[in-house]
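Worksheet: the structure to be examined is printed underneath.
Computed from the coordinates by the stated procedures, all read-outs in this text should not be read as laboratory data. Since we're looking at a predicted model, the values are computed, not measured. Note: ideal-geometry Cβ built from the backbone for every residue, glycine included; neighbour counts use all protein chains shown.
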Amino acid sequence: MSREKKHFDDGVIFDSNAKTKISNVIGYFLDELDPYVDKIGTEDTPFRVAKMYDELLSGYATNPEKLLNNALFDVKYDEMVVVKNIDFYSLCEHHLIPFYGSVSVGYLPKDKVIGLSKIPRLVDMFSKRLQVQERMTQEIAHAINDLISPKGVGVVVQGKHLCASMRGVKKPNVMMSTSALLGVFKEDHSSREEFLDHIK
């Protein structure tokens, strides 16, 4: 199918040349589905998909130090900080199909606390990549641990994976839960239980 050539601007992670290559690949894919797909409806699909992936994978363009640099505060506070029910969307690196759900983060400060809005942004940074849930959970926990050296960090992620709902085993109600516990959250039973009680 002959499609009008579209001009791409440089994106967050893909420059105009990369977007053109992605668009061409999607065009070839749609051509292989001919005559089943609607040619008018999919005429601009390669262009849209190339732009979409630049947005969905924009987490690669950010690093934790830069993200949190201006939002680390010296505060005398020695009780647990918990931010829960942080929505996320990511792409399974095995099938390029979405998985999504919620993240709960807790930490026990030593010297510094993180600005509230930065924790959801940190979740976005790691979720807007090709991911597996287990690694994403660990990455969030270790980023917080490395940046503020708290007494402990806990991260719990609950995700629904469309690669297990739409294909393969085809179980739409399956929910996967992963956790990463560092410092006192791993070593001390009472701290761990307090965190888990907070996120119920």
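Per-residue Karplus couplings for region 39-54, computed as 6.51 cos²θ - 1.76 cosθ + 1.60 with θ equal to phi - 60°, are listed in order as 5, 6, x, 9, 4, 9, 4, x, 5, 5, 5, 4, 5, 4, 5, 5 Hz, Gly and Pro entered as x.
Across region 84-92, coupling constants 3J(HN,Hα) worked out from phi with the 6.51/-1.76/1.60 Karplus curve, θ = phi - 60°, read 10, 6, 8, 5, 9, 9, 9, 10, 4 Hz, and Gly and Pro carry x. Taking a straight Cα-Cα cut-off under 24 Å and skipping sequence neighbours fewer than 8 places away in the same chain, the lysines within cross-link reach of LYS186 are LYS76, LYS84, LYS110, LYS112, LYS118, LYS151, LYS200. Farthest toward the dipole's positive end in the chain, which of ALA61, LEU130, TYR77, given Cβ charges of +1 (Lys, Arg) and -1 (Asp, Glu) about the Cα centre? After comparing all options, I get LEU130. The computed Rg/Rh (Cα atoms, Kirkwood Rh) for the structure shown corresponds, within (1) 1.08; (2) 1.05; (3) 0.98, to (1).
Treating r as the C-beta distance of VAL25 and LYS84 and R0 as 41 Å, the FRET efficiency rounds to 0.55. Only Lys, Arg, Asp and Glu carry charge here, each on its Cβ (+1 for the first two, -1 for the last two); on that basis the chain has a dipole of about 220 debye about its Cα centre. Residue separation of ALA71 and ASP10 scaled by 0.36 nm, minus their Cα-Cα distance, works out to 19.1 nm of gained length. FRET efficiency for the pair ASP188 and ALA61, taken as 1/(1 + (r/R0)^6) with r the Cβ-Cβ distance and R0 = 41 Å, rounds to 0.65.
In this simple spin-label model, placing a label point 7 Å from the Cα along the Cα-to-Cβ direction at both ASP146 and ASP197 gives a separation of 3.3 nm.
The label point for LYS110 and the one for LYS39, both projected 7 Å from the Cα toward the Cβ, are 6.6 nm apart. Counting only residues at least eight positions apart within a chain, or on another chain, the lysines with an alpha carbon under 29 Å from that of LYS39 are LYS5, LYS6, LYS19, LYS21, LYS51. A simple spin-label model places the labels of GLU93 and ARG48 2.9 nm from each other, with each point 7 Å out along Cα-to-Cβ.
Overall, region 1-70 carries a charge dipole of about 100 debye about its Cα centre when +1 sits on the Cβ of Lys and Arg and -1 on the Cβ of Asp and Glu, all other atoms neutral.
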